[in-house]
Amino acid sequence: MTTIVHKYGGTSIDGREKLLAIAERLAALRRSGHDVVVVVSAPGGTTDALLDDATALAAEPNQRELDMLMTAGERISMSLLAIALNSIGCPAVSFTGSQVGIITDTRHTDARILEVRPDRVIRELASGNVVVVGGFQGVSTAKDVTTLGRGGSDTTAVALAAALGAERCEILTDVDGVYTADPSAVPTARKITEISFEDMSELARYGATILKEDAVRFAEEHGITLHVRKSASDNAGTIVLGEPTGPCSPVTGLSLLEDVELLTWDRMPATAAAEVGELSARVKFVLTLGNQTVVAVERAAMEELLDRSDGSMSVRRADLVCAVGRDAGSAVSAAAASAAVAGAGEKLLAMVSEGRSTAVAVRPEGSKRVLEALHDAFFPAVRAER
């Protein structure tokens, strides 16, 4: 009997009607002869509400206790879905990440999975149960509850699929696949039928939210094909795999990473270079503009650099628009991206072009116009497939 892993996001399971509809779909999948494992996120808005509660009490909540709190939303989802499944005659049992053997490092709020010990899941599947797992969480080697960071339920699903040797892992969400750009920002964006792990992880790295980069990397490492599709539809979505089977476009898609900090030195002093090196885990991108070095970092790293800066560094907020694909890092693609920025009436603040991607930094106020301009440049004949 083959195993299929489903993952449902918070908006897909928010409310009684949606839960019962998903339960019916999972029961039908079980009746068709598959073992079924389901990973669920917290109901829509729950995680943000819990975080608001914590920060109302403390500006910087204790990280261990924050992890204990933040797993509550997924526990609500997993137990309600198991109740719904049992209510329609489909036996189901729910588990936390720690109960299904998801072992992580000791980092709180952004832990990494070290291994999965799926013995309990295997036993429950053999007993005929659908197994419902709270995503986004595990237990550390120090036996503390940990969370995997935003989008961590995707990683939970992929890790379980790898540990169980699943036939496939389906990411069910409120959109019907991966598009050439966010269709809410670019109306002419079209759905991508197949996309490589490499391109999908690069899009995620540069701001695409449909899949978490860690989950895509994990899937690539373990050879787990991902199916991304709409939870309320049977339509085909997007398949994420090693290499697409059809012809590949020079540029596969575009993404937008909002609200980064650009730290700029005309000539980076040795002391600054050393500080950037110390914070390299949080340095996202190194960009250039002429003879300048521009580093885009998370806000926490930026604040540390400012505290230790000798005053030679300037800081500017920006958005990054990125093109990803087979030839997206070429000089031709970089020139096209630069021209599109100018055509949108914006100033190019910085750029990085490497491997399979070109990213441009622009003012946040103009990033949506730049995104549309790049889409027109790289996908001139595209019409929306809606």
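The values are calculated or read from the model by the stated rules, or taken from the named source; none is laboratory data. These numbers come from a predicted model, not from an experiment. Neighbour counts are summed over all protein chains in view; Cβ atoms, including those assigned to glycine, are modelled from backbone coordinates with ideal geometry.
The set of residues in region 346-373 that are assigned to a helix (DSSP H, G or I) and closer than 10 Å to A318 by Cα comprises P364, E365, G366, S367.
Of all positions in region 92-104, none carries a residue that is in the same structural domain as G151 (by TED's automatic domain parsing), out of contact with any helix residue (DSSP H, G or I) (no Cβ under 7 Å at 6 or more places or on another chain), loosely packed, with under 15 Cβ neighbours inside 10 Å and not in a strand (DSSP E or B).
Residue check: R217 meets all listed conditions (1) in a helix (DSSP H, G or I); (2) over 15 Å from the mean Cα position of the chain (by Cα) but one, namely (2). Taken over region 356-366, the residue count meeting the criterion of being farther than 14 Å from V332 by Cβ and free of Cβ contacts under 8 Å to residues at least 40 places away in the same chain is 2. Within region 126-155, being under 19 Å from L80 (Cα atoms) and of a type in the set (S, T, Y) holds for one residue alone: S153.
Kindly evaluate D14 against the criterion of being touching an Asp or Glu at 6+ places or on another chain (Cβ under 9 Å), touching a residue at least 12 places away in the same chain (Cβ under 8 Å), charged (D, E, K, R) and on the phi < 0 side of the Ramachandran plot.
On the way: touching an Asp or Glu at 6+ places or on another chain (Cβ under 9 Å): no; touching a residue at least 12 places away in the same chain (Cβ under 8 Å): yes; charged (D, E, K, R): yes; on the phi < 0 side of the Ramachandran plot: yes.
So D14 fails the test.
State all residues of region 32-57 that are touching a residue at least 12 places away in the same chain (Cβ under 8 Å) and charged (D, E, K, R); if no residue qualifies, say none. Please lay out each step first, then the result.
First, pick out the residues of region 32-57 that are touching a residue at least 12 places away in the same chain (Cβ under 8 Å): 33-47, 50-51, 53-54.
Within region 32-57, D35, D53 qualify.
For region 18-61, residues that are out of contact with any strand residue (DSSP E or B) (no Cβ under 6 Å at 6 or more places or on another chain), surrounded by 14 or more Cβ atoms within 10 Å (Cβ to Cβ) and in a loop (DSSP other than H, G, I, E, B) total 5. For region 130-171, the set of residues classified as part of a loop (DSSP other than H, G, I, E, B), in contact with a Lys or Arg (Cβ under 8 Å, 6 or more places away or on another chain) and over 16 Å from R217 (Cβ atoms) consists of G135, D144, listed by residue number.
Looking for something under 26 Å from D174 (Cα atoms) and among the basic types (K, R) - is there at least one such residue anywhere in region 46-65? Spell out how you get there, then give the answer.
Of the residues in region 46-65, the ones under 26 Å from D174 (Cα atoms) are 46-52.
Next, only the ones that are among the basic types (K, R) stay: none.
Within region 46-65 (the criterion being under 26 Å from D174 (Cα atoms) and among the basic types (K, R)), the answer is no, since none of the residues qualifies.
For region 184-241, the set of residues classified as among the acidic types (D, E) and within 26 Å of S367 (Cα to Cα) consists of E198, D199, E202, E213, D214, listed by residue number. Quick one: count up the residues across region 149-172 that are closer than 11 Å to G9 by Cβ and under 12 Å from the mean Cα position of the chain (by Cα). The number of residues fulfilling the criteria is 4.
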